[in-house]
Each structure stands twice: as structure tokens, then as C-alpha cells.
Amino acid sequence: MNKFDYLIVGSGLFGATFANLATKAGKRCLVIDKRPHLGGNVYCENIEGINIHKYGAHIFHTNNKLVWDFVNSIVEFNRYTNSPVANYKGKLYNLPFNMNTFYQMWGVTTPAEAKAKIEEQKAEAVASLNGREPANLEEQALTLVGKDIFETLIKEYTEKQWGRSCKDLPAFIIKRLPVRLVFDNNYFNDKYQGIPIGGYNKLIDGLLAGIETRTGVDFFATHKNNWRDIADKLVYTGAIDEYFDYKLGKLDWRTVSFKTRIEDTPNYQGNAVVNYTSHDQPYTRIIEHKHFEMFGADVYSVPKTVVSEEYSTEYKDGMEPYYPVNNERNNVLAEEYRKLAAQESNVIFGGRLAQYKYYDMAPVIEQVLEIKNF
Ligand code: FAD
Ligand code: UDP
């Protein structure tokens, strides 16, 4: 049998997009994945006629028209707009921080009133910095939105999410949260967002249509030593330290876990995402999956609903590696691994695990779209 041009390890968005474009460029690809299904972390499981985001809620968003047009050429996207609600001790607030939130927090009804209130709330924190930059997440939050919002919507949620004090976390984590003096609950600033109509598996199936795939195949147990007999080049989207047999040490990850249950009601919380921002609940948020794909009266067309409580957990061997931990130790170690990766001939290291970077979906696709020669 002729050799493949590419052996692609991992069928997540990097591997699947690569396989799609390489095949269109006339190359022969074999995609393997150690999981029993294709799709990596965007894979959905269907329960009660609802697509369940098995590895965490995924909302596609981008400013890049090329990426948006590309994914829409594979499957059409719906009009889902992420607008999470926060529940703090039973009271609800809109996110991201906008005029609705400020009204709910303080009763202010105009942008001028809200602005004055925020200025008053953050004055003490701004003064205490004495002109220097915020040194940690707590200082960043207090100087961005002030005391009430920090204490109600940020402090305890962040402690649950990261398992450490806001004083011990970098400021940049919170910088991406928008603060708006308009009534706009859209969580993202990007021009385009949505969910594939019919779910993410349609996107993956479309990308991999006509391409040879094998699931339940772990690269290390099967092809690590002989892949050059099978293919000319390797695309590797697994964890970078594992590829090198952890020879420089193990990289740390943060992980999340889910408790998923069926509720015997068509509409459990009225929104896809509700964040629980106090320590009263051990989970960070509850996802009600049907709201990603069913809107208005459609919600009632399926009599039951499926919800997932999301818990943030410290990573241990055998768990799913989700978020890279970008502290000093891990950044240095990842860079050392990247140097080793650069020396591997005919191997492309792509995606979130192999690059040890927190990428959203769109940038992963963008990277593959930028490849000129397959
Ligand atoms: P993955 O999807 O992780 O795919 C890697 C694949 O490689 C996996 O299928 C794995 O099984 C396989 N693999 C690994 N090792 C081996 C091996 N040894 N042999 C065979 N196969 C192997 N992005 C957004 O844009 N919006 C969001 O709302 C969003 N939410 C997120 C929520 C969570 C909880 C997380 C963790 C991420 C979220 N992301 C989101 C980011 C998004 O998941 C990633 O950008 C995307 O999944 C990256 O694709 P990938 O192909 O690099 O990795
Ligand atoms: N955050 C918060 N309260 C919220 C939502 C987010 O304090 O209700 C903070 C928290 O520190 C979190 C960061 O904002 O780590 C980024 O949150 P986002 O939901 O954007 O990131 P994700 O968890 O989806 O990666």
C-alpha cells in the first residue's frame, strides 16, 4: 500500500482542519485519535435529542472573516449569542459587566450615573496603586470595576475557578472581561459568533468527509516508533511533553469536570450559561445545553433538558488536560519542549496541547488556513 502523505494524530479542530485542507491540496491523510470518537474537545454527545458539549461549553467566535466563511462553508452556524447570567446568593446579574449589571447592582439607570458609581467604587484601589500597574488579579479587578462588583461577581468565582486567591493570580486573566456603559449582554466583542446548526459533530464530520480516520488508536501505543513507515510527515496535536516522553519534566494543566443530569422539565434555567459566583455552590457554573441550539418556543419542543454542573479541579495524571498553566515554571519548560519540537524533522506540532497555549477554536483554524504548502 502506498504511504500516506500525513499521519495526523488527533481529530480535534487542528487535526480535522489540517486533514481537510491537505486533502483538498491533493494529499493523502490518515487521522488517528485515542478517544472512541472524532472531534477532540468540541465533540458532542446526543442525550434526549440535545447535543451535550461533553468537554465543556464551546461557543465559536471570531473577528476573522476568512475563518468565519471557512467554517460556514462546512456547516451553517446559528445565531447563538453568549450572554451568561451570574447568580450570587440567589440574586441574578447580567454579564459581561454592562448597564444591566450596574442597574441590578446599584439601581443606576444612565451611563453617567453608572460611570460616576464605578469611579467612586474604584477610587480607593486606584489611589493605593500610586500610579503603578495592577500587580495581580485583585488589583486589576478593583481598579477596573471597583469593590462591589469584585466582591459579588469576581472574587469567589475566580477563587473557585483557579483554586487560589485573587492576589496570587496574574492581572491579565480578568483583562479580557469587557466593561460596557451600554445595555449589551453579548459576552464577546467579536463580529461573528454562533454554534454549528446540528451541532459541532457536523463541523467535524464535514471537515473529515472522505478522509480515512481511526478512533481508539493511541499514537504512543501504536505508531510512535514506526510512523515513518506509514506516512511521510506527522501532524501531532497531543501533549508536547508526552511526545518527548516527559524527558524535561511534566507540564502542569488545570482541568474541569462535569456532573451531567437529565431534568424532567423543558426549561431548567432559561439560559445556556449561569455562573455561580459565591462559594455557596462548589461548582463554577451550570450549562443547560439545549439553549445553544434551541431558541424561543423551540426550547419547549423537547420535553426534557440536560444540565451540567462544571467544577474546576487541579490536574492529576490520567485526567483530561484542559488549560495550560502559564506560570513561570511552565512557560520556561514549554519553551524548552518547543525547542526540541523545532528539531524534529517532518513533524508539525499543532493546536492547544502540542503548543501548550490556550487557544480558542478560531485561532486554531486560522493557523491551519495560513499554511501555504501542504
Ligand atoms: P483538541 O480538541 O484537544 O484535540 C486534540 C486531540 O488529540 C484529542 O481528540 C485527543 O484525543 C487527541 N490525542 C491526544 N493525544 C493523542 C495520542 N497520543 N494519540 C491519539 N490521539 C491523541 N474555544 C472557543 O473558541 N470557544 C469556547 O467557548 C471554548 N470553550 C472551551 C471550554 C473548555 C473547558 C476548554 C478546555 C476549551 C475551550 N475552548 C473554547 C478551546 C477549544 O477547545 C480549543 O481551541 C480546541 O479544542 C483546540 O483544538 P485542538 O485540535 O488543538 O485540540
Ligand atoms: N470571571 C469572574 N466572574 C464571572 C466570569 C468570569 O470573575 O462570572 C473571571 C474569572 O477570573 C475567569 C475569567 O474572568 O477566570 C475569565 O472568564 P471566562 O468565562 O471569560 O473564561 P473561560 O472560563 O471561559 O475560559
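The values are calculated or read from the model by the stated rules, or taken from the named source; none is laboratory data. It should be emphasised that the depicted structure is a prediction, and the values quoted were computed from it without experimental measurement. Cβ coordinates were reconstructed from backbone atoms using ideal geometry, including for glycine residues, and neighbour counts include every protein chain displayed. Calculation scope for accessible area: heavy atoms of the full protein, side chains included, ligands and nucleic acids excluded. Shrake-Rupley method; radii C 1.70, N 1.55, O 1.52, S 1.80 Å.
Picking from Thr81, Thr109, which residue would you name as being without any contact (Cβ under 8 Å) to a residue 24 or more places away in the chain, away from ligand 1 (no atom under 11 Å from the Cβ), assigned to a loop (DSSP other than H, G, I, E, B) and open to solvent by 40 Å² or more (accessible area, probe 1.4 Å)? First the steps, then the outcome.
Values: Thr81 fails: without any contact (Cβ under 8 Å) to a residue 24 or more places away in the chain.
Sole residue among the options that is without any contact (Cβ under 8 Å) to a residue 24 or more places away in the chain, away from ligand 1 (no atom under 11 Å from the Cβ), assigned to a loop (DSSP other than H, G, I, E, B) and open to solvent by 40 Å² or more (accessible area, probe 1.4 Å): Thr109.
How about the stretch 226-264: which of its residues are free of Cβ contacts under 8 Å to residues at least 12 places away in the same chain and under 19 Å from Tyr337 (Cα atoms)?
Asp245, Tyr246, Lys247, Lys250
Within the set of pairs 6+ apart or on separate chains, which have a first residue in the stretch 90-104 that is over 12 Å from Leu181 (Cβ atoms) and open to solvent by less than 40 Å² (accessible area, probe 1.4 Å), a second that is in a strand (DSSP E or B) and not polar (S, T, N, Q), and C-beta atoms under 6 Å apart?
Tyr93/Ala86; Leu95/Ala86
For the stretch 266-306, enumerate the residues that are over 14 Å from Leu92 (Cα atoms) and within 16 Å of ligand 1 (Cβ to nearest atom). Write out each step before concluding.
Our first condition is that a residue be over 14 Å from Leu92 (Cα atoms); within the stretch 266-306, this holds for 266-268, 272, 279-284, 287-306.
Selection gives Ala272, Tyr283, Thr284, Ile287, Glu288, His289, His291, Phe292, Glu293.
Inside the stretch 279-327, can you point out the residues that are surrounded by fewer than 19 Cβ atoms within 10 Å (Cβ to Cβ), part of a helix (DSSP H, G or I) and of a type outside the set (Gly, Ala, Ser)?
Answer for the stretch 279-327, where residues must be surrounded by fewer than 19 Cβ atoms within 10 Å (Cβ to Cβ), part of a helix (DSSP H, G or I) and of a type outside the set (Gly, Ala, Ser): Asp298, Val299, Tyr300.
Looking at Asp229, Asp241, can you tell me which residue is under 25 Å from the mean Cα position of the chain (by Cα), at pLDDT 95 or above and over 20 Å from Ala16 (Cα atoms)?
Details: Asp229 fails: under 25 Å from the mean Cα position of the chain (by Cα).
Result of the check over Asp229, Asp241: Asp241.
Only one of these is more than 14 Å from ligand 1 (Cβ to nearest atom) and modelled with pLDDT of 95 or more: Leu333, Leu353. Name it. Don't jump to the end; show me each part of the working.
On the way: Leu353 fails: more than 14 Å from ligand 1 (Cβ to nearest atom).
None of the others qualify; the one that does is Leu333.
Can you name the residue in the stretch 354-374 that is outside any loop (DSSP other than H, G, I, E, B) and more than 16 Å from ligand 2 (Cβ to nearest atom) and, of all such residues, is surrounded by the most Cβ atoms within 10 Å (Cβ to Cβ)?
Our first condition is that a residue be outside any loop (DSSP other than H, G, I, E, B); within the stretch 354-374, this holds for 354-355, 361-369.
Within this subset, residues satisfying the condition of being more than 16 Å from ligand 2 (Cβ to nearest atom) are 354-355, 365-369.
Numbers: Ala354: 26, Gln355: 20, Ile365: 28, Glu366: 17, Gln367: 17, Val368: 24, Leu369: 12.
The extreme case among them is Ile365.
Taking the stretch 144-157 only, how many residues are modelled with pLDDT of 95 or more and more than 15 Å from Met105 (Cα to Cα)?
The number of residues fulfilling the criteria is 3.
Could you check the stretch 7-25 and list, in sequence order, the residues that are surrounded by fewer than 24 Cβ atoms within 10 Å (Cβ to Cβ) and not in a helix (DSSP H, G or I)? Talk me through it step by step, then tell me what you get.
Start the filter on the stretch 7-25 by keeping residues that are surrounded by fewer than 24 Cβ atoms within 10 Å (Cβ to Cβ), which leaves 7, 20-25.
Scanning the stretch 7-25 gives Leu7, Ala25.
Taking the stated definitions as given, is Asn267 part of a helix (DSSP H, G or I) and either free of Cβ contacts under 8 Å to residues at least 12 places away in the same chain or away from ligand 2 (no atom under 16 Å from the Cβ) (or both)? Walk me through it before giving the result.
On the way: part of a helix (DSSP H, G or I): no; either free of Cβ contacts under 8 Å to residues at least 12 places away in the same chain or away from ligand 2 (no atom under 16 Å from the Cβ) (or both): yes.
It is false that Asn267 is part of a helix (DSSP H, G or I) and either free of Cβ contacts under 8 Å to residues at least 12 places away in the same chain or away from ligand 2 (no atom under 16 Å from the Cβ) (or both).
Based on this model, can you work out whether Ala209 counts as within 27 Å of Ile365 (Cβ to Cβ) and more than 16 Å from ligand 1 (Cβ to nearest atom)?
On the way: within 27 Å of Ile365 (Cβ to Cβ): yes; more than 16 Å from ligand 1 (Cβ to nearest atom): yes.
Criteria met by Ala209.
I want to confirm something. Restricting to the stretch 133-143 and keeping residues that are in a helix (DSSP H, G or I) and within 24 Å of the chain's Cα centre (by Cα), which single residue is surrounded by the most Cβ atoms within 10 Å (Cβ to Cβ)? Please lay out each step first, then the result.
Here is the first cut: in the stretch 133-143, the ones in a helix (DSSP H, G or I) are 137-143.
Those left that are additionally within 24 Å of the chain's Cα centre (by Cα): 137-138, 140-141.
On the way: Leu137: 25, Glu138: 21, Gln140: 24, Ala141: 28.
Restricting to residues being in a helix (DSSP H, G or I) and within 24 Å of the chain's Cα centre (by Cα), the top hit is Ala141.
Answer yes or no as to whether Ala86 is of a type in the set (A, V, I, L, M, F, W, C), open to solvent by less than 10 Å² (accessible area, probe 1.4 Å), modelled with pLDDT of 95 or more and closer than 26 Å to Val273 by Cα. First the steps, then the outcome.
On the way: of a type in the set (A, V, I, L, M, F, W, C): yes; open to solvent by less than 10 Å² (accessible area, probe 1.4 Å): yes; modelled with pLDDT of 95 or more: yes; closer than 26 Å to Val273 by Cα: yes.
Spelling it out, Ala86 is indeed of a type in the set (A, V, I, L, M, F, W, C), open to solvent by less than 10 Å² (accessible area, probe 1.4 Å), modelled with pLDDT of 95 or more and closer than 26 Å to Val273 by Cα.
Tally time: how many residues in the stretch 26-36 are in a loop (DSSP other than H, G, I, E, B) and within 14 Å of Leu207 (Cβ to Cβ)? So that I can check it myself, show each step before the final result.
Residues of the stretch 26-36 in a loop (DSSP other than H, G, I, E, B): 26-28, 34-36.
Of the ones still in play, those that are also within 14 Å of Leu207 (Cβ to Cβ) are none.
Going through the stretch 26-36 one residue at a time, the tally reaches 0.
Could you check, for the stretch 91-105, whether at least one of its residues is within 16 Å of ligand 1 (Cβ to nearest atom), part of a loop (DSSP other than H, G, I, E, B) and within 30 Å of Met294 (Cβ to Cβ)? Even if it seems obvious, please write down each step before you answer.
Step one: filter the stretch 91-105 for residues within 16 Å of ligand 1 (Cβ to nearest atom), giving 95-96.
Narrowing the set further to residues that are part of a loop (DSSP other than H, G, I, E, B) leaves 95-96.
Within this subset, residues satisfying the condition of being within 30 Å of Met294 (Cβ to Cβ) are 95-96.
Checked the stretch 91-105: at least one residue is within 16 Å of ligand 1 (Cβ to nearest atom), part of a loop (DSSP other than H, G, I, E, B) and within 30 Å of Met294 (Cβ to Cβ).
Tell me which residues, restricted to the stretch 26-60, are of a type in the set (Val, Ile, Thr) and either crowded, with 20+ Cβ neighbours inside 10 Å or within 16 Å of ligand 2 (Cβ to nearest atom) (or both). Steps first, please.
First pass over the stretch 26-60, keeping only residues of a type in the set (Val, Ile, Thr): 31-32, 42, 47, 50, 52, 59.
Of everything in the stretch 26-60, those that are of a type in the set (Val, Ile, Thr) and either crowded, with 20+ Cβ neighbours inside 10 Å or within 16 Å of ligand 2 (Cβ to nearest atom) (or both) turn out to be Val31, Ile32, Val42, Ile50, Ile52, Ile59.
Whether any residue in the stretch 37-55 is over 30 Å from Ser345 (Cβ atoms) and in a helix (DSSP H, G or I) is what I want to check.
yes
Just for the stretch 69-78: of the residues that are in contact (Cβ under 8 Å) with a residue 24 or more places away in the chain, part of a helix (DSSP H, G or I) and more than 12 Å from ligand 1 (Cβ to nearest atom), which one is surrounded by the fewest Cβ atoms within 10 Å (Cβ to Cβ)? Show your work before the answer.
As a first pass, look at the stretch 69-78 and keep what is in contact (Cβ under 8 Å) with a residue 24 or more places away in the chain: 70-71, 74-78.
Retained after the next criterion (residues that are part of a helix (DSSP H, G or I)): 70-71, 74.
Then keep just the ones that are more than 12 Å from ligand 1 (Cβ to nearest atom); that gives 70, 74.
Working: Phe70: 20, Ile74: 18.
Once the filter is applied, the top-ranked residue is Ile74.
Per-residue answers, yes or no, for (1) part of a loop (DSSP other than H, G, I, E, B); (2) farther than 24 Å from Glu76 by Cα:
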{"residue": "Phe150", "(1), (2)": "no, yes"}
{"residue": "Pro170", "(1), (2)": "yes, yes"}
{"residue": "Val182", "(1), (2)": "yes, yes"}
{"residue": "Tyr187", "(1), (2)": "yes, no"}
{"residue": "Asp190", "(1), (2)": "yes, no"}
{"residue": "Leu203", "(1), (2)": "no, no"}
{"residue": "Gly206", "(1), (2)": "no, no"}
{"residue": "Ala221", "(1), (2)": "no, yes"}
